[in-house]
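The values are calculated or read from the model by the stated rules, or taken from the named source; none is laboratory data. These numbers were taken from a predicted model, which means no experiment stands behind them. No Cβ is skipped: glycine too gets one built from the backbone with ideal geometry, and neighbour counts run over all protein chains shown.
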Amino acid sequence: MIYGIIPARSGSKGVPGKNIKLLGGYPLITYTIAAAKMAKNISRTIVSTDSMEIASIAKKYGAEVPFLRPVELSGDKSPDIDFVIHAINWLQQNEKKTPDYLVHLRPTTPLRNPIIIDKAIQEIRSCVEATSLRSGHPAAESPFKWFFRDEQGFFKGILPEYSNDFINAPRQLFPTVYIPDGYVDVLKTSFIMESGTLHGNKMIGFVSPVCAEVDRTEDFEFLEFELKKGNEPVFEYLKAHFPKEN
């Protein structure tokens with residue numbers, strides 16, 4: 001069994017009400033619900049939230065909200081492991097079963113292609129030794145070319161073996177670095193229950209497309225622009241199944 005799990009707490013500080021703020025006429029979280037429901041390998045889509053309002057919207061758009069997440073696990077400093085273990089424990093205690101994998105989809109990454117989600121699931125299922133999968137896209141600029149500033153005000157390379165002159169070399173001479181993003185994470189339930197950790201040391205590096213993520217109000221403006229360009233399958237799904245809310 002493979003479940004999608006979408007964390008959506010109510011207390012966003014950077015953008016108040018972020019998870020249900022309208023984007024293209026639909027609450028932000030609905031794009032992630034649509035992506036999970038469109039993915040062929042996900043059999044169930046669960047939203048973990050502490051908010052009755054978010055829960056109501058999630059149900060309206062086809063997700064399940066079988067429980068409300070405790071407030072003490074929903075703060076801005078609460079780590080992901082808290083809501084994941086809470087969900088696993090709830091399923092075990094109330095349904096006497098847990099999925100083999102949880103596909104962790106953050107609502108702050110709204111524009112995904114469900115085909116890529118399915119590809120990530122297939123990749124971890126084909127790798128027995130993997131403890132998890134996490135997505136990331138190549139960094140446009142290598143952090144190996146960056147500096148820190150020491151106490152005397154001098155720039156120093158991040159790695160001592162990279163001299164200040166070598167840092168000026170073409171970026172192609174430096175290792176490729178990937179930026180973790182919210183496109184898709186796949187978690188192995190048995191590993192989490194045994195280790196008490198999410199990812200482990202055999203985390204598949206799944207290379208995802210560059211994706212826009214919501215951290216600021218201005219990010220919604222960029223995403224609105226992306227929607228106008230068309231070819232976003234989750235937006236087409238929402239328009240085909242639900243009326244706009246604005």
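Structure notes:
- In the set (1) surrounded by 14 or more Cβ atoms within 10 Å (Cβ to Cβ); (2) farther than 21 Å from PRO99 by Cβ; (3) over 16 Å from the mean Cα position of the chain (by Cα); (4) not aromatic (Phe, Trp, Tyr), SER78 fails one condition alone, (3).
- Residues (part of a loop (DSSP other than H, G, I, E, B) and crowded, with 16+ Cβ neighbours inside 10 Å) located in segment 111-139: LEU111, ARG112, ASN113, ALA130, THR131
- Qualifying residue in segment 160-169 (condition: in contact (Cβ under 8 Å) with a residue 24 or more places away in the chain and surrounded by 15 or more Cβ atoms within 10 Å (Cβ to Cβ)): no
- Filter result (touching a residue at least 40 places away in the same chain (Cβ under 8 Å) and surrounded by fewer than 24 Cβ atoms within 10 Å (Cβ to Cβ)) within segment 47-59: ASP50, SER51, GLU53
- Whichever residue in segment 12-47 is of a type in the set (Ser, Thr, Tyr) and under 15 Å from the mean Cα position of the chain (by Cα) and, among such residues, is nearest to GLU236 (Cα to Cα): TYR31
- Test: residue in segment 154-177 that is within 19 Å of the chain's Cα centre (by Cα) and part of a loop (DSSP other than H, G, I, E, B): yes
- Which numbered condition GLY153 misses (of (1) surrounded by 13 or more Cβ atoms within 10 Å (Cβ to Cβ); (2) not assigned by TED's automatic domain parsing to the domain that holds ARG9): (1)
- In segment 140-153, of all residues being closer than 27 Å to GLU213 by Cα and either in a loop (DSSP other than H, G, I, E, B) or not charged (D, E, K, R) (or both), the one that is nearest to the chain's Cα centre (by Cα) corresponds to ALA140.
- Condition broken by VAL234, with the remaining ones in (1) more than 30 Å from LYS40 (Cβ to Cβ); (2) in contact with a Phe, Trp or Tyr (Cβ under 6 Å, 6 or more places away or on another chain); (3) among the aliphatic types (A, V, I, L, M) satisfied: (1)
- Residues satisfying the stated conditions in segment 21-45, i.e. touching a helix residue (DSSP H, G or I) at 6+ places or on another chain (Cβ under 7 Å) and part of a strand (DSSP E or B): LEU23, TYR26, PRO27, THR45
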